[in-house]
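Notes for the one structure printed next.
The values are calculated or read from the model by the stated rules, or taken from the named source; none is laboratory data. Since we're looking at a predicted model, the values are computed, not measured. Counting neighbours? That spans all protein chains shown, and the Cβs are built from the backbone with ideal geometry, glycine included.
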Amino acid sequence: MGKATDFLKVYNAYWHIQYAFAANALQNTLLAEQVVGDVFTEFWHNFALIAPNDYDTYLNKALKLHCSKKLRTLDFNPHQLQQVECALQFSKDRLHLDQDSKSDLLETLDQLLETPNYERCLLFFKLRYRDNMSCKDIAKQQNVSIRNVEQYLTQALDILKSKSLNTPNT
């Protein structure tokens, strides 16, 4: 009965923090509840193996992992996809638009040079998120490995992430 009591104390102390993080990350309260439930179920199974001073670290890492896994299964909605395509296109077109600004041009060149196969990144991103093709189907259609498709998608998302952090909202 001590294990259940101790677990309940930890659950009551952390569930609301875990839920708030998951709801914010997933932008979906039902999925957040599901993820937090999965995290605490996993936590219960490993409870005896985790030192009390490691509860916080364990729960936070587990939650981030479960949220990441869940996000990988979700499709972008049309509005999100449009924002992504605009950001990726902005990255490509910016090379031509900002030629007067030497620093902007150099920054854009540096970012584009870090992505050697920019066109493939954009193509694979559109196939995956606009056309809702699986990585396996894209790999088969483009005659590349599934791992290559995943790498291109990661590069496309990295470009998007860097643009969203470096571009001020207007």
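Can you find, within the stretch 115-170, the residue that is modelled with the highest pLDDT among those that are assigned to a helix (DSSP H, G or I), out of contact with any Phe, Trp or Tyr (no Cβ under 7 Å at 6 or more places or on another chain) and among the β-branched types (V, I, T)? Step by step, filter the stretch 115-170, then rank; the result is I146. Across the stretch 145-158, the qualifying residues are those that are of a type in the set (A, V, I, L, M, F, W, C) and surrounded by fewer than 16 Cβ atoms within 10 Å (Cβ to Cβ), and the one among them that is nearest to the chain's Cα centre (by Cα) is L157.
In this structure, does A4 turn out to be loosely packed, with under 14 Cβ neighbours inside 10 Å, aliphatic (A, V, I, L, M) and either modelled with pLDDT under 90 or not assigned by TED's automatic domain parsing to the domain that holds K126 (or both)?
Numbers: loosely packed, with under 14 Cβ neighbours inside 10 Å: yes; aliphatic (A, V, I, L, M): yes; either modelled with pLDDT under 90 or not assigned by TED's automatic domain parsing to the domain that holds K126 (or both): yes.
Yes: the conditions hold for A4.
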